[in-house]
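Reading through the structure tokens given below for one structure.
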Amino acid sequence: MQLTSKTYDADDIEAAAELAYQQGWTDGLPVMPPTARAIERHLAYLGRSPDEVLGIVPPKAGVATLEKVVINCVMAGCLPEYDPIVLAALAAVMEDQFNLNGVQTTTHPCAPLIVVSGPAVRELGFNTREGAFGHGSRANATIGRALRLILWNIGGGYPGEPCKTALGHPGYYSFCVAEDSQTNPWEPLHVTRGFKVDDTVVTVTAV
């Protein structure tokens, strides 16, 4: 597997974490070092080419190759099984009607909220009742963080320039919830939106 991203050497985990701060690869929280071994493990799980272009992420107009996206998933702490959820969320925010450029640059304190519904909610261990917004759940926390790091590192959504949000909120670090199909008195969200009950669906809205 041929990776094309620039590589950096670090003496240990602490040095790798500090390098991420120095290079501006993190939004303020520490990140996992995206080693070649970890990146290759994620790409092997997906079974897709690292140079596949997924889209252009505004406002920086960064090219989101699968390799670059997976690097951010690793940095966020995702398991490979989480990557399809992240990829679906990224595809959703890059649809024209989402207006990602506006979301990334507005003065309004809105960030993309990921809502996961379907079988993967239980399979991947999302919090759905207590702690629904993710503390204590690796899936909630790292999937939300992965999308944010993609918007940061590939899209260039840095505070001050070009992100003009006056206040911001904690969702700018991670913002992912999942539907509790077991106690929900209504039909599942993804079924309401026209999908099959056994589909896993990602809905994203700026909140």
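The values are calculated or read from the model by the stated rules, or taken from the named source; none is laboratory data. Because the structure is a prediction, the values reported are computed rather than measured. Here the Cβ positions follow ideal geometry from the backbone for every residue, glycine too, while neighbour counts run over all protein chains shown. These area figures cover heavy atoms from the full protein model, side chains too; ligands, DNA and RNA do not enter into them. Shrake-Rupley method; radii C 1.70, N 1.55, O 1.52, S 1.80 Å.
Pick from ALA76, ALA91: which is among the aliphatic types (A, V, I, L, M), in contact (Cβ under 8 Å) with a residue 12 or more places away in the chain and in contact with a Leu (Cβ under 6 Å, 6 or more places away or on another chain)?
Among ALA76, ALA91, only ALA76 is among the aliphatic types (A, V, I, L, M), in contact (Cβ under 8 Å) with a residue 12 or more places away in the chain and in contact with a Leu (Cβ under 6 Å, 6 or more places away or on another chain).
Among the listed residues GLU179, GLU123, which satisfies the condition of being more than 15 Å from the chain's Cα centre (by Cα), farther than 21 Å from ASP27 by Cα and surrounded by 18 or more Cβ atoms within 10 Å (Cβ to Cβ)?
The match here is GLU179.
Quick check on region 126-142: of everything there that is open to solvent by less than 50 Å² (accessible area, probe 1.4 Å) and of a type in the set (A, V, I, L, M, F, W, C), which residue is nearest to LEU79 (Cα to Cα)?
Here the residue is ALA139.
What's the number of the only condition in (1) surrounded by 12 or more Cβ atoms within 10 Å (Cβ to Cβ); (2) of a type outside the set (Ser, Thr, Tyr); (3) closer than 16 Å to TRP152 by Cα; (4) without any contact (Cβ under 8 Å) to a residue 24 or more places away in the chain that GLN22 fails to meet?
(1)
If I ask for residues that are in contact (Cβ under 8 Å) with a residue 60 or more places away in the chain, part of a loop (DSSP other than H, G, I, E, B) and either at positive phi or not hydrophobic (A, V, I, L, M, F, W, C) (or both), which ones from region 178-207 would you list?
Answer for region 178-207, where residues must be in contact (Cβ under 8 Å) with a residue 60 or more places away in the chain, part of a loop (DSSP other than H, G, I, E, B) and either at positive phi or not hydrophobic (A, V, I, L, M, F, W, C) (or both): GLU179, SER181, PRO188, ASP198, ASP199, THR200.
With a cut-off of at least 2 residues that are touching a helix residue (DSSP H, G or I) at 6+ places or on another chain (Cβ under 6 Å) and more than 24 Å from LYS196 (Cβ to Cβ), name the helices (runs of 4 or more DSSP H) lying wholly within region 60-146.
66-76
Taking the conditions exactly as written (open to solvent by less than 30 Å² (accessible area, probe 1.4 Å) and at pLDDT 95 or above), does ALA64 satisfy them or not?
yes
ALA44 fails exactly one of the following numbered conditions: (1) on the phi > 0 side of the Ramachandran plot; (2) out of contact with any strand residue (DSSP E or B) (no Cβ under 7 Å at 6 or more places or on another chain). What is the number of that condition?
Evaluating ALA44 over (1) on the phi > 0 side of the Ramachandran plot; (2) out of contact with any strand residue (DSSP E or B) (no Cβ under 7 Å at 6 or more places or on another chain) leaves (1) as the failure.
Considering only region 25-50, state which residues are charged (D, E, K, R), out of contact with any Leu (no Cβ under 6 Å at 6 or more places or on another chain) and surrounded by 12 or more Cβ atoms within 10 Å (Cβ to Cβ).
Matches in region 25-50: ASP27, GLU40, ARG41.
Would you confirm whether any residue within region 134-153 is polar (S, T, N, Q) and without any contact (Cβ under 8 Å) to a residue 60 or more places away in the chain?
Yes, that holds for at least one residue.
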